[in-house]
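Beneath this line is the structure, given in structure tokens, with notes to follow.
The values are calculated or read from the model by the stated rules, or taken from the named source; none is laboratory data. For clarity, every value in this text was computed on a predicted model and none was experimentally measured. Glycine also receives a Cβ, built like all others from the backbone with ideal geometry; neighbour counts cover every protein chain displayed. Remember, those area values only see protein heavy atoms, side chains included, never the ligands or the DNA or RNA. Shrake-Rupley method; radii C 1.70, N 1.55, O 1.52, S 1.80 Å.
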Amino acid sequence: MVIGAGPAGSCAAQAAAQRGAKVLLIDRRQRLGIPVQCAEFVPQWISRHASFSSTCIMQRVEKMVTHLPDRIIYEMKSPGYMLDRSLFDKELAASAVLSGARISIGTRAVDLSPEGLVVELGSKMETIPSKVFIGADGASSTVARFVGKPPLKTITALQYEVVISEPQNHVDVYFHKDYEGGYGWFFPKGKTANVGVGVVTSKTSRLPDLLGNFLDSLRESKNLRGIQIVSKTGGLIPCEFYEQNLFKNVLLIGDAAGHAHPITGAGIFNAVMSGEIAGRVAAEAIERGDLRYLENYETEWRETVGKSLSYGTFKRRFLEEHWDKPGVDFEELVRKTWVGFKEYYEDRRKIPLCPPL
Ligand SMILES: Cc1cc2nc3c(=O)[nH]c(=O)nc-3n(C[C@H](O)[C@H](O)[C@H](O)COP(=O)(O)OP(=O)(O)OC[C@H]3O[C@@H](n4cnc5c(N)ncnc54)[C@H](O)[C@@H]3O)c2cc1C
């Protein structure tokens, strides 16, 4: 059984169903993918791992431009897609169903008992037994609470989608001393762009002002004239991960396990990757009749997404410790801690790349 039909859950459900497992995918939402809480940028190579059609792609992106204070600019190749995230989530769920999974929307997990998962479906409560439970229920995971894990540290983001008059084929990220532990972004998607700011969660109350000022600062460079907002969103992004993701027959994947990158906040690709591994391993464990096989999930997610998460966590600690430290050169700090600079990778030998088992 898979709890949560975001990218992680749908990819897990698809992988398990493709291997012949009987899969139920549940989500508390009545409309999958809505509301969108995302800036919608993914690397191009995600299409090798997730089943979605080109209609989910709003536009292609060639590079990322990083803006430091004092108008210093750096460019890096960053081939990617700007998605229609609501359609993307729906298509991944549809792909899982077409592979044999069943889906139940409007179904909220409320407890895990020895008899099974307790769910609320409208006014009804039901207990659903399963050999394996895959927790894919996002940054504020209830399944993680069921297995006794405390909430993960998060970044909070606020984002407005604004109308733009000139198309653009790159994404922009902006660093500013006020965007504590985070950054601002301008991600174009045809006639609109997702413009947002993320900060350490303790600074959440400052976000409306920060985003308002950020938009004002873009008026000229992005030719925004009047700022016309067509939608507003936001949310939490985990910036640390659980070292243990397997608890007897319960697996945590995607944001529920803290698999978003601790520096960039990008989590869709890792959600797809850990979902695919968990679904495949769970189906094999059930087929073999041996739940000890689930241990392979711990090994495989470490080998694939674990390395960059460990290193990102190390960099985040450094970033947060030095943000307000007197005498620290802000530009140098950003260079050491942002993935777009070669300095980011220089400490790689200093820490073990894989979180230990
Ligand atoms: C503002 C913002 C911007 C972002 N921008 C980007 C970006 O540009 N690129 C990128 O790669 N990542 C981005 N991210 C991160 C990305 O959105 C997540 O990493 C990604 O959605 C993780 O996928 P997931 O399937 O693990 O979780 P989610 O997509 O959060 O899906 C979890 C699902 O579980 C369901 N659920 C929750 N609780 C329950 C319950 N009790 N019972 C049943 N169902 C439940 C929810 O309804 C939801 O459908 C952004 C995040 C935010 C907040």
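Restricting the calculation to Cα atoms, segment 207-357 yields a radius of gyration followed by a Dmax of 19.7, 63 Å. Annotation for segment 203-272 versus segment 96-144: alpha-carbon center distance of 25 Å.
Peptide packing for 226-236, 67-77, 308-318, 192-202 was compared via the average number of neighbouring C-beta atoms within 10 Å per residue; ordered from the highest value, the list is 192-202, 308-318, 226-236, 67-77. Couplings 3J(HN,Hα) of segment 310-326, computed from phi: 4, 5, x, 5, 4, 5, 5, 4, 4, 4, 5, 5, 9, 3, 9, 5, x Hz, in residue order, whole Hz [Karplus 6.51 cos²θ - 1.76 cosθ + 1.60, θ = phi - 60°; x for Gly and Pro]. Relative to the longest principal axis of the chain, what angle (0 to 90°, nearest 10) does the C-alpha long axis of helix 85-98 take? Orientation of helix 85-98: about 20 degrees from the principal axis.
Bridgeable aspartates and glutamates around residue 232 (alpha carbons under 13 Å apart, same-chain partners fewer than 8 residues away excluded): 161. As a fraction of the 1.4 Å probe accessible area of segment 223-273, surface on carbon and sulfur atoms comes out at 52 percent. State the antiparallel share, in %, of DSSP beta bridges confined to the chain, rounding to the nearest 5. Percentage antiparallel, nearest 5: 80. Averaged over its residues, the chain has an accessible area of 47 Å² per residue, based on protein heavy atoms and a 1.4 Å probe.
On the beta carbon distance between residue 295 and residue 329, with R0 = 41 Å, the FRET formula returns roughly 0.35. With a threshold of 25 Å on the Cα-Cα distance, the over-threshold entries among 149/248; 77/203; 191/342; 189/342; 177/222; 90/222 are 77/203; 191/342; 189/342; 90/222.
Between residue 63 and residue 202, the simple spin-label model (points 7 angstrom out along Cα→Cβ) gives 3.8 nm. What a 1.4 Å probe finds exposed on segment 1-120 is 49% carbon and sulfur by accessible area, rounded to a whole percent. Per-peptide packing, taken as the mean over residues of other Cβ atoms within 10 Å, places 335-343, 90-98 in the sequence 90-98, 335-343 from highest down. Taking a ≥ b ≥ c as the square roots of the Cα gyration tensor eigenvalues, with a/c under 1.5 meaning rounded and otherwise prolate when a/b beats b/c, else oblate, which class fits the chain? Prolate. Shape class of segment 89-228 from the Cα gyration tensor (axes a ≥ b ≥ c, square roots of the eigenvalues): prolate, since a/c reaches 1.5 or more and a/b is larger than b/c.
Amide H contacts of residue 118 (H built 1.01 Å from N, in plane; Pro and chain starts excluded): 110, 111, 112, 113, 128 sit under 5 Å, all sequence-distant by 5 or more or on other chains. Taking amide H atoms as placed 1.01 Å from N in the peptide plane, the amide H of residue 2 lies under 5 Å from those of 24, 25, 26, 134, each 5 or more residues away in sequence or on another chain.
Placing unit charges on each Cβ (+1 for Lys and Arg, -1 for Asp and Glu) gives the chain a dipole about its Cα centre, and among 119, 65, 241 the Cα reaching farthest toward its positive end belongs to 119.
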